[in-house]
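A.B. asks: One structure follows; several queries about it will come next.
The values are calculated or read from the model by the stated rules, or taken from the named source; none is laboratory data. Fair warning: this is a prediction, and the values are worked out from it, not measured in the lab. Cβ: placed from backbone, ideal geometry, glycine included. Neighbour counts: every protein chain shown. Just the protein is used for accessible areas: all its heavy atoms, side chains included, with ligands, DNA and RNA removed. Shrake-Rupley method; radii C 1.70, N 1.55, O 1.52, S 1.80 Å.
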Amino acid sequence: MSIIDGKMIAQKMRDALKARVESLRKAGMAPGLAVIIVGENPASKVYVRNKEKACIEAGIHSEVIVFPEQATQEEVLDRIHALNLNPQIHGILVQLPLPAHFDARRVLDFIDADKDVDGFHPVNAGALFLGKPRLQPCTPYGVMKMLEYENVAVRGKHAVIVGASNIVGKPMAIMLLHKGATVTICNSKTPDLAYHTRNADILVVAVGRPNIVTGDMVKEGAVVIDVGMNRLEDGKLVGDVDFAGAAPRAAKITPVPGGVGPMTITMLLENTVETAERCKETV
Ligand code: NAP
C-alpha cells in the first residue's frame with residue numbers, strides 16, 4: 001500500500017504555476033481572482049482565507065468581497081455583474097453555502113462562464129458532460145490530476161463513486177467515464193453500498209459522513225480516494241473512509257488531511273491562470 005501525498009503533488013503543481021503567473025505578469029496581465037463570501041459561516045471564512053493565502057503565494061491578485069448575512073441577492077448580483085466586466089479579474093468564485101434567502105443556482109449562473117473558475121456554470125457543466133471540457137470543477141479535476149501523477153490506469157477499470165453531488169460526485173463520474181472507466185455512481189438510496197464498493201478498482205468517496213466506507217468494503221488492490229472532510233467533536237479532521245481499516249487492503253489511498261484538500265485549491269489557481277492566459281491570447 002502507498003499513501004498518495006496530495007500535499008506534495010499540489011506543491012509541485014503550484015511551483016509549475018508560478019512560472020506561468022510570472023510570464024503573464026511580464027506581459028502586464030497579473031491573473032486576478034475575486035472571491036465573494038456572504039455571512040459569517042466559520043468554515044467558509046477558513047476556506048476563503050486559505051484560498052486568498054494560496055493566491056498570494058502563487059502571485060495571483062486576490063480580492064475578497066465580504067457581504068453581511070442580511071445582504072440582498074440583488075446586491076450580490078450587482079457586484080458579480082461588475083466583476084464580470086472587470087478586465088483585471090479573470091476568475092470569480094462565490095463561496096457556498098449562501099444564506100437561506102439566496103437562490104444559489106441563480107447566483108452561480110450569473111457569473112460569466114469564462115470566469116467561472118469553480119466550473120459550476122451550466123455552460124461549463126454541459127461542456128464537461130459532452131467531453132469538451134472548459135473550466136472544470138476543482139475537486140474532481142484535482143482527483144484526476146492525482147491519478148495521473150500516480151500513474152493509475154483508468155481505462156477499462158471499474159470506478160465506483162459514492163456520492164452524486166453536482167460539485168463532486170457527478171463531475172467525477174463524467175471525468176472518469178471520459179478516461180475510459182466503467183462507472184457506477186452510488187447515492188443515499190443505494191440499497192447495498194458495500195456490494196458496489198467491493199467491486200471498485202478505483203473507489204472515490206464523497207459523502208460527508210465519517211466511516212461510511214470501512215475496510216471490509218474495499219477490494220484488495222483498489223485505489224481509494226477519500227474526498228470527505230468531517231470535523232469531529234474533538235476538532236479532528238477525518239474523511240469518509242476508515243483509513244486504518246482500508247489502507248492495508250488498498251494499493252493506494254489518500255489521507256485526510258493531506259490528500260484531496262490541497263489539490264482542490266491548486267486546481268482553483270490552475271483555472272484562474274488558465275482563464276488569464278486565454279484572455280492574453282485574445283488581447
Ligand atoms: P453533498 O452535496 O452533501 O452530497 C453528498 C452525496 O452523498 C449526495 O449525493 C448523497 O446522496 C450521497 N450520500 C448521502 N448518504 C449516502 C449514503 N448512505 N450512501 C451513499 N451515498 C450517500 O456533499 P458534497 O458537497 O459532494 O461533499 C461531500 C464531502 O466531500 C463532504 O465531506 C465535503 O466536505 C467534502 N468535500 C471535500 C472537498 C475537498 O477539497 N477535499 C471539496 C468538496 C467537498 P443523494 O444524492 O441521494 O442525496
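A.B. asks: Here is a list: Met229, Met267. Which entry is among the hydrophobic types (A, V, I, L, M, F, W, C), open to solvent by 50 Å² or more (accessible area, probe 1.4 Å), in contact with a Pro (Cβ under 9 Å, 6 or more places away or on another chain) and within 10 Å of the ligand (Cβ to nearest atom)?
C.D. replies: Met229
A.B. asks: Keeping to the stretch 199-210, report how many residues are touching a helix residue (DSSP H, G or I) at 6+ places or on another chain (Cβ under 9 Å) and within 11 Å of the ligand (Cβ to nearest atom).
C.D. replies: So the answer is 4.
A.B. asks: Also, I was wondering about something else. Pairs needed: first member in the stretch 63-78, within 19 Å of Glu52 (Cα to Cα); second member anywhere, among the basic types (Lys, Arg); C-beta distance under 7 Å; at least 6 residues apart or different chains.
C.D. replies: If the second residue must be among the basic types (Lys, Arg), the pairs left are Ile65/Arg79.
Quick grid of which residues meet (1) modelled with pLDDT of 95 or more; (2) assigned by TED's automatic domain parsing to the domain that holds Ile202; (3) closer than 20 Å to Glu274 by Cα; (4) in contact with a helix residue (DSSP H, G or I) (Cβ under 6 Å, 6 or more places away or on another chain):
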| position | (1), (2), (3), (4) |
| --- | --- |
| Arg79 | yes, no, no, no |
| Asn86 | yes, no, yes, no |
| Gly131 | yes, no, yes, yes |
| Lys145 | yes, yes, yes, no |
| Glu148 | yes, yes, yes, no |
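A.B. asks: Could you pull out the residue among Val223, Val183 that is under 18 Å from Asn166 (Cα atoms) and either aromatic (Phe, Trp, Tyr) or more than 12 Å from the ligand (Cβ to nearest atom) (or both)?
C.D. replies: One residue alone meets the criteria, Val183.
A.B. asks: Going residue by residue through the stretch 38-57, is there one that turns out to be among the aliphatic types (A, V, I, L, M) and assigned to a loop (DSSP other than H, G, I, E, B)?
C.D. replies: no
A.B. asks: Just to be sure, is Lys132 open to solvent by 50 Å² or more (accessible area, probe 1.4 Å) and either in a helix (DSSP H, G or I) or under 24 Å from Val205 (Cα atoms) (or both)?
C.D. replies: It is false that Lys132 is open to solvent by 50 Å² or more (accessible area, probe 1.4 Å) and either in a helix (DSSP H, G or I) or under 24 Å from Val205 (Cα atoms) (or both).
A.B. asks: How do the pairs read when you match residues in the stretch 240-254 that are on the phi < 0 side of the Ramachandran plot and without any contact (Cβ under 8 Å) to a residue 24 or more places away in the chain with residues anywhere that are crowded, with 17+ Cβ neighbours inside 10 Å and part of a loop (DSSP other than H, G, I, E, B), using Cβ under 7 Å and keeping only pairs 6 or more apart or on different chains?
C.D. replies: Filtered contacts from the stretch 240-254: Phe243/Pro255.
A.B. asks: Quick check on this structure: which one of Asp109, Asp103, Asp114, Asp118 is surrounded by 23 or more Cβ atoms within 10 Å (Cβ to Cβ) and among the acidic types (Asp, Glu)?
C.D. replies: Just one listed residue meets the conditions, Asp118.
A.B. asks: Another question, then. Failed condition for Val260, given (1) more than 8 Å from the ligand (Cβ to nearest atom); (2) in contact (Cβ under 8 Å) with a residue 40 or more places away in the chain; (3) surrounded by 15 or more Cβ atoms within 10 Å (Cβ to Cβ), with all others met?
C.D. replies: The number of the failed condition is (1).
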